[in-house]
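First up is the structure itself, then whatever we jot down about it.
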Amino acid sequence: MVATAESSRLSTRKTLPKNSKYSSLWKKLRKMRNNGQGNSVFLDNRAVLIGGHRALIFSGAVHYTRSTPEMWPRILSESKRAGLNTIETYVFWEQHEPQEGVYDFSGCRDLGRFLDLCHEAGMYVILRIGPYVCAETNFGGLPWWLITKAGMVTRTLNKPFMDAVDGWIRRLLAEIGDRQITRGGPIILAQLENEYSNVSGRYGADGQKYLEWCVQSGRAAGLEVPLIMCEGAPDGVISTLNGFSVWARMDALRKERASQPILWTEAWTGWYNTWGDAHHIRPTEDIAYEVLRFFAMGGTGVNHYMWHGGTNFERDGMYTQAASYDFDAPIDEYGLPTDKSERLGVLHRMLQTHADLLLHGERLPPEVLVLGDYPQNADGVMLHAFKLDDRELVIVINGNDWPKTARVRGVQMTLPHKTAVVLLGSGGKYEKLYSTADRQPVEIRRKMEDSGKSLAWKKVAEEPCPDAWKGVAIPHNMLFATRDETDYGWYSATVQREDDGRAVMRIGVADRATVWVNGRLVGVPVPARLKEDRKPGDFLFDIEVPLRRGGNKIVILVNSVGLIKGDWGIDAPQSEERRGLIAPVLLDGEPLDVEWGFAAGLIGERSMALNGIISPDVFSASGGTSLPEAPVWLETSFDVSNRELEDPRPWAFDATGLGKGMMFVNGRMLCRYWQLAAPDARHARHNRHPHLVTTGHEIPTQRFYHIPADLLHVGRNSLVLLEELGASPEATGIFRRS
Ligand code: GAL
């Protein structure tokens with residue numbers, strides 16, 4: 001049993017009398033429950049115990065807000081069919097409390113409903129609460145408004161941060177606390193914080209105290225299930241591993257935390273895509289090999305991250321993250337099973353069939369069959385075995401990049417490169433159960449088919465919003481004005497000159513800007529590709545501007561591409577995140593001493609929020625004048641018949657030919673888009689990664705954008721785009737995935 005203060009909190013104490021009169025009865029009942037009767041969850045040094053029994057955990061990450069309630073039942077039933085017994089999800093504070101004290105648990109944010117569906121599907125849940133979650137989500141899951149609090153430093157022992165976290169955890173637990181297994185629900189484990197080791201160097205001892213405080217705060221708010229932390233857990237909290245491969249770290253963790261089981265909270269099934277980078281694929285054989293190596297070394301719980309990746313709807317993606325979060329996950333972005341889910345399903349079911357050996361069998365000392373050159377015989381051939389009664393489960397691993405021959409329980413075997421083979425022995429005879437080298441006979445091929453709908457487009461040019469704020473001081477963090485409800489902000493100023501001539505204007509901008517002087521476009525001073533991690537100097541740009549005698553009107557449209565997901569994105573605490581004109585504006589090296597005005601958002605966004613369409617009235621009321629090459633609003637509509645809506649094939653928008661912007665379906669923002677091409681193979685970020693294959697070089701990172709069917713209705717459906725780069729929508733189309 002994990003000997004921590006945690007253990008005593010796990011039973012169904014709520015329903016049991018605690019005063020002295022009943023205490024012996026209570027203790028007896030608790031003992032019974034711990035022996036397998038009732039909704040208890042414990043851990044011993046081997047596994048998670050549910051209702052008193054050790055369980056093998058096959059879990060898949062499905063982020064509820066990256067799909068829609070209509071998609072959830074299918075995703076869950078496909079997950080179950082692939083042998084999963086658990087669903088893992090993060091909780092996205094930022095999406096549930098977008099403004100301080102304003103909560104949203106509706107639609108795809110209806111976490112309670114999602115958990116209930118998991119329960120109905122007979123699945124357990126690992127809930128990774130955060131408050132910080134990373135996950136390529138906006139601001140790593142923290143709400144933007146934290147930065148407005150005086151003295152705020154995120155993710156450390158800081159009172160303003162801890163007060164905000166405390167309020168949120170209490171609110172969250174009021175919403176979903178009853179879904180813990182201890183109260184009859186599906187949640188078996190809860191994670192607090194996330195991969196703290198990535199930032200622990202910055203926060204030192206205070207950081208460790210903060211982690212301990214997270215536990216107290218979670219417990220006080222009503223967390224009853226065991227707590228885990230991945231990659232950085234204080235004593236007393238179950239420490240778990242993340243990565244493409246974790247077997248090499250298991251022995252060290254076992255030594256350090258002898259009383260807990262080894263759980264793999266993030267077995268990465270692929271990788272995410274940022275705008276302008278190649279697509280990532282992780283071969284199924286490689287996942288199966290690593291998962292088997294993990295179980296061979298005594299691991300008893302794996303969570304595939306992601307199992308269903310889904311879509312970053314609206315503005316929920318982090319800085320530079322593409323709208324698709326497909327991740328090359330086993331269930332594809334559209335909620336459909338793939339070859340990968342089918343093949344991993346075979347592995348899960350095979351292991352589950354022999355769970356008794358893995359959970360209760362004697363783990364024999366690993367044997368070196370062929371000696372390699374690397375530590376822990378990473379590149380040699382290893383044999384791991386579990387014995388129970390007269391049965392033996394043998395897992396042979398060839399970690400070498402070449403085939404190897406070895407004698408396995410008396411039989412000579414040739415093991416292809418990087419393979420794991422499972423054998424079952426009984427009465428001295430061995431049969432092969434599984435090999436990662438065998439391709440199971442499943443071939444799921446999906447394609448996109450043009451629905452044939454013709455789209456006729458209308459165009460309205462965006463206009464600079466009249467200044468809502470006068471006299472803003474530069475550097476200026478526009479998040480205070482946009483409240484992170486829009487990506488856009490307009491700056492304007494008038495510069496007096498005594499002569500005609502040219503000058504060099506230096507601006508510091510996060511993330512992108514378009515600059516006009518006296519009604520002329522003078523530059524879009526951003527690198528074509530944005531780096532995920534930036535240094536302050538990366539934001540400075542010099543633009544040559546023509547100026548004339550008298551007043552010169554400067555207009556700058558700043559565009560945010562999402563907020564960073566972690567401190568390392570700005571090399572500072574996240575609370576220092578900024579958007580807008582973030583450095584003093586210089587003209588020919590001198591500070592530009594003028595009055596700046598600022599307006600948040602676009603007129604078209606206001607129109608969409610008010611009427612769900614681009615209505616000319618809202619534009620004419622703004623009194624603005626259009627600028628050349630300003631963003632344009634493109635509007636179209638298409639008919640959907642009853643028969644088409646009943647057809648289960650998912651819908652997608654083909655963005656071929658577009659530039660960059662946002663898309664709206666039936667008045668609701670779907671997502672950001674950016675048709676930025678990936679570099680050639682030599683320059684793709686993960687081109688030589690040992691676990692990833694990159695594809696899609698020199699074409700846009702994302703061509704198709706998922707339109708969930710529940711956004712559509714029978715009859716006329718509207719599609720609105722904000723196109724920032726003036727591209728033509730003529731080559732776009734509506735597609736179905738089959
Ligand atoms: C991990 C992190 C996850 C996710 C993943 C990459 O380090 O914990 O939240 O960001 O990387 O996809």
Which condition number does Q95 fail, the rest of (1) within 16 Å of the ligand (Cβ to nearest atom); (2) in a helix (DSSP H, G or I); (3) surrounded by 24 or more Cβ atoms within 10 Å (Cβ to Cβ) being met?
-> (3)
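Scan the stretch 177-184 and tell me whether some residue there is among the polar types (S, T, N, Q) and farther than 28 Å from E485 by Cα.
Yes, there is a match, as at least one residue in the stretch 177-184 is among the polar types (S, T, N, Q) and farther than 28 Å from E485 by Cα.
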Hey, any hits in the stretch 536-556 for a residue that's outside any helix (DSSP H, G or I), touching a His at 6+ places or on another chain (Cβ under 6 Å) and either on the phi < 0 side of the Ramachandran plot or of a type in the set (A, V, I, L, M) (or both)?
-> no
Given (1) closer than 24 Å to H308 by Cα; (2) within 16 Å of the ligand (Cβ to nearest atom), number of the condition C214 does not satisfy = (1)
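So that you can scan it fast, the table gives a plain yes or no per residue for (1) touching a helix residue (DSSP H, G or I) at 6+ places or on another chain (Cβ under 8 Å); (2) over 29 Å from S620 (Cβ atoms); (3) in contact (Cβ under 8 Å) with a residue 24 or more places away in the chain:
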| residue | (1), (2), (3) |
| --- | --- |
| P466 | yes, no, yes |
| V504 | no, yes, yes |
| N518 | no, no, yes |
| V522 | no, no, yes |
| P525 | no, yes, no |
| L540 | no, yes, yes |
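Within the stretch 137-147, is there a residue that is away from the ligand (no atom under 16 Å from the Cβ), within 19 Å of L111 (Cβ to Cβ) and in the same structural domain as T265 (by TED's automatic domain parsing)?
Step one: of the stretch 137-147, the residues away from the ligand (no atom under 16 Å from the Cβ) are 143-147.
Filter once more, keeping what is within 19 Å of L111 (Cβ to Cβ): 143.
With the extra rule that they be in the same structural domain as T265 (by TED's automatic domain parsing), the set shrinks to 143.
Yes; the residues of the stretch 137-147 include at least one that is away from the ligand (no atom under 16 Å from the Cβ), within 19 Å of L111 (Cβ to Cβ) and in the same structural domain as T265 (by TED's automatic domain parsing).
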For A599, which of the numbered conditions (1) buried (at least 20 other Cβ atoms within 10 Å of the Cβ); (2) within 16 Å of the ligand (Cβ to nearest atom); (3) at negative phi fails to hold?
-> (2)
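Would you check if R155 is part of a strand (DSSP E or B), basic (K, R) and within 16 Å of the ligand (Cβ to nearest atom)? Steps first, answer last, please.
Working: part of a strand (DSSP E or B): no; basic (K, R): yes; within 16 Å of the ligand (Cβ to nearest atom): yes.
No.
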Index of the failed condition, K149 passing every other in (1) open to solvent by 10 Å² or more (accessible area, probe 1.4 Å); (2) touching a Ser or Thr at 6+ places or on another chain (Cβ under 6 Å) = (2)
If you go through the stretch 217-235 one residue at a time, how many are surrounded by fewer than 21 Cβ atoms within 10 Å (Cβ to Cβ) and either within 16 Å of the ligand (Cβ to nearest atom) or at positive phi (or both)?
-> 3
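Look through the stretch 238-287, keep the residues that are in a helix (DSSP H, G or I) and of a type in the set (D, E, K, R), and return whichever of them is farthest from the ligand (Cβ to nearest atom). Steps first, please.
So in the stretch 238-287, the residues in a helix (DSSP H, G or I) come out as 247-256, 284-287.
If we keep only those that are of a type in the set (D, E, K, R) as well, we get 249, 251, 254-256, 285-286.
Working: R249: 14, D251: 22, R254: 22, K255: 24, E256: 20, E285: 21, D286: 16 Å.
Among those that are in a helix (DSSP H, G or I) and of a type in the set (D, E, K, R), it is K255.
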For the stretch 110-127, does any single residue satisfy the condition of being within 16 Å of the ligand (Cβ to nearest atom), of a type in the set (A, V, I, L, M) and assigned by TED's automatic domain parsing to the domain that holds G243?
-> yes
When the residues of the stretch 236-268 are filtered to those that are of a type in the set (D, E, K, R) and without any contact (Cβ under 8 Å) to a residue 40 or more places away in the chain, which remaining residue is surrounded by the fewest Cβ atoms within 10 Å (Cβ to Cβ)?
-> K255
Determine if the stretch 493-501 includes at least one residue that is under 30 Å from E577 (Cα atoms), touching a residue at least 60 places away in the same chain (Cβ under 8 Å), touching a strand residue (DSSP E or B) at 6+ places or on another chain (Cβ under 8 Å) and assigned to a loop (DSSP other than H, G, I, E, B).
-> no
What's the number of the condition L189 fails, among (1) assigned to a helix (DSSP H, G or I); (2) crowded, with 22+ Cβ neighbours inside 10 Å?
-> (1)
Of the conditions (1) at pLDDT below 95; (2) under 30 Å from R736 (Cα atoms); (3) not hydroxyl-bearing (S, T, Y), D438 fails just one. Which one is it?
-> (2)
Where N194 falls short, out of the listed (1) farther than 20 Å from N303 by Cβ; (2) within 16 Å of the ligand (Cβ to nearest atom) = (1)
Look at D206 and say whether it is part of a helix (DSSP H, G or I) and open to solvent by 10 Å² or more (accessible area, probe 1.4 Å).
-> yes
Among the candidates E590, E532, residue that is within 29 Å of the chain's Cα centre (by Cα) and open to solvent by 30 Å² or more (accessible area, probe 1.4 Å) | E532
Go through the residues of the stretch 288-301 one by one and say whether even a single one is within 12 Å of the ligand (Cβ to nearest atom) and either in contact with a strand residue (DSSP E or B) (Cβ under 6 Å, 6 or more places away or on another chain) or free of Cβ contacts under 8 Å to residues at least 40 places away in the same chain (or both).
-> no
Set A503, A473: member being within 28 Å of D538 (Cβ to Cβ), open to solvent by 10 Å² or more (accessible area, probe 1.4 Å) and more than 34 Å from the chain's Cα centre (by Cα) | A473
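The values are calculated or read from the model by the stated rules, or taken from the named source; none is laboratory data. These numbers were taken from a predicted model, which means no experiment stands behind them. Don't worry about glycine lacking a Cβ; one is built from the backbone with ideal geometry, like all the others, and counts go over all protein chains shown. Heavy atoms of the whole protein, side chains included, go into the accessibility calculation; ligands, DNA and RNA do not. Shrake-Rupley method; radii C 1.70, N 1.55, O 1.52, S 1.80 Å.
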